[in-house]
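Q: Next up is a structure, given as structure tokens.
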Ligand code: FES
């Protein structure tokens, strides 16, 4: 099943940036990594922090703004202490300059890592 929701126009989020986007039942963090878009849950799995406010480090990880634990953005994998629980990821669809997420599917990278 597909639960495709519009997130943003691609041109609204520059490479190297992230944005919190409200979705049904919560929010997600959308990242632009060198022109490719990724979506993860926005809430850090360690405590209460918005990962969209974190810093993108090493090209494909986000450092939480509160205790600086890191997650791999394409797979959602927790990479460093104190984060031990992976993030939920969402499949991102780009169509005609619009960015959508499929809320029922994991990112391709996370799905292939399972
Ligand atoms: S709240 Fe994110 S690392 Fe603690």
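Q: Of the conditions (1) at pLDDT below 95; (2) loosely packed, with under 14 Cβ neighbours inside 10 Å; (3) assigned to a loop (DSSP other than H, G, I, E, B), residue 112 satisfies every one except a single condition; which number is it?
A: Single failed check for residue 112: (3).
Q: Go through (1) within 11 Å of the ligand (Cβ to nearest atom); (2) closer than 28 Å to residue 4 by Cβ one by one and return the number of the condition residue 84 breaks.
A: Here residue 84 meets the rest and fails (2).
Q: Just to be sure, is residue 29 touching a helix residue (DSSP H, G or I) at 6+ places or on another chain (Cβ under 6 Å), on the phi < 0 side of the Ramachandran plot, more than 11 Å from the ligand (Cβ to nearest atom) and modelled with pLDDT of 95 or more?
A: Here the answer is yes, as residue 29 does meet what is asked.
Q: Report yes if some residue within the stretch 43-50 is part of a loop (DSSP other than H, G, I, E, B), touching a strand residue (DSSP E or B) at 6+ places or on another chain (Cβ under 9 Å) and buried (at least 21 other Cβ atoms within 10 Å of the Cβ); otherwise report no. It would help to see each step written out before you state the result.
A: Step one: list which residues in the stretch 43-50 are part of a loop (DSSP other than H, G, I, E, B), which gives 44-49.
Subset that is touching a strand residue (DSSP E or B) at 6+ places or on another chain (Cβ under 9 Å): 44-46, 49.
Among the residues that remain, those that are also buried (at least 21 other Cβ atoms within 10 Å of the Cβ) are: 44.
Yes, there is a match, as at least one residue in the stretch 43-50 is part of a loop (DSSP other than H, G, I, E, B), touching a strand residue (DSSP E or B) at 6+ places or on another chain (Cβ under 9 Å) and buried (at least 21 other Cβ atoms within 10 Å of the Cβ).
Q: While we're on this one: Select from the stretch 51-62 the residues that are more than 9 Å from the ligand (Cβ to nearest atom) and in a helix (DSSP H, G or I) and write down the one among them that is nearest to residue 97 (Cα to Cα).
A: Out of the qualifying residues, it is 52.
Q: Regarding residue 65, is this residue assigned to a loop (DSSP other than H, G, I, E, B), within 20 Å of residue 22 (Cβ to Cβ) and either within 16 Å of the ligand (Cβ to nearest atom) or modelled with pLDDT under 95 (or both)?
A: Answer is yes for this residue.
Q: Would you please name the residue that is farthest from residue 18 (Cα to Cα), looking only at residues in the stretch 68-81 that are outside any loop (DSSP other than H, G, I, E, B) and within 13 Å of the ligand (Cβ to nearest atom)?
A: The extreme case among them is 78.
Q: List every residue pair whose Cβ atoms sit under 9 Å apart, with the two residues 6 or more apart in sequence or on different chains, where the first one lies in the stretch 42-68 and is at positive phi and the second, anywhere, is part of a loop (DSSP other than H, G, I, E, B) and within 10 Å of the ligand (Cβ to nearest atom).
A: 68/54; 68/80; 68/82
Q: Are any residues in the stretch 14-31 free of Cβ contacts under 8 Å to residues at least 60 places away in the same chain and either within 13 Å of residue 98 (Cα to Cα) or assigned to a loop (DSSP other than H, G, I, E, B) (or both), and if so, which ones?
A: Once the filter is applied, which keeps residues that are free of Cβ contacts under 8 Å to residues at least 60 places away in the same chain and either within 13 Å of residue 98 (Cα to Cα) or assigned to a loop (DSSP other than H, G, I, E, B) (or both), the stretch 14-31 yields 14, 15, 16, 25.
The values are calculated or read from the model by the stated rules, or taken from the named source; none is laboratory data. In this text, all values refer to a predicted model and were calculated from it rather than measured experimentally. Note that each Cβ is placed from the backbone with ideal geometry, even for glycine, and that neighbours are counted across all protein chains shown.
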